[in-house]
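Scroll down for the structure; my scribbles are underneath it.
The values are calculated or read from the model by the stated rules, or taken from the named source; none is laboratory data. Here the structure is a predicted model, which means the values were calculated and not measured. With ideal geometry, Cβ positions are generated from the backbone for all residues, glycine too; neighbour counts draw on all protein chains shown.
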Amino acid sequence: MPSSFILSEKGDGVLRKSFFHYLMKFREEPPRDELAEFANHAFHDHSFPKMASQYDELSRYLELNGFYLSSMAIFDEAWDRYIEEEKE
C-alpha cells in the first residue's frame, strides 16, 4: 500500500488519502487564497505530520508549530473539506 494512503476510520478497507496528501492539491504559486497559502507552507514544513489523518493530532501540531496560519479557522475549513471529499 502506498505510504500516502491509510485505511479509513470505518475499518471498511476503503483507502483514503492522508490530510497532507489531500492538502497538496491546493498548492499554487502565487497562492490565490488562504487555503493555497496553507498548502504551500505545509509543503515546506518538514516536520508537518504527513501521515496524520486524525483531527486532534493535526490540530495540536498546528497550534504549536503552525506559525504560518493566521487563524486555525483555515485549518478547520480545510479539514471539513477533507472529511467531506474523502469519505466517499
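Return a yes/no flag: does the stretch 30-46 have any residue that is in contact with a strand residue (DSSP E or B) (Cβ under 9 Å, 6 or more places away or on another chain) and surrounded by 14 or more Cβ atoms within 10 Å (Cβ to Cβ). No, the conditions are met nowhere in the stretch 30-46. Screening Glu86 on (1) surrounded by 14 or more Cβ atoms within 10 Å (Cβ to Cβ); (2) at pLDDT 95 or above shows it passes everything except condition (2).
In the stretch 48-88, the qualifying residues are those that are more than 13 Å from Phe20 (Cβ to Cβ) and among the acidic types (Asp, Glu), and the one that is farthest from the chain's Cα centre (by Cα) is Glu88.
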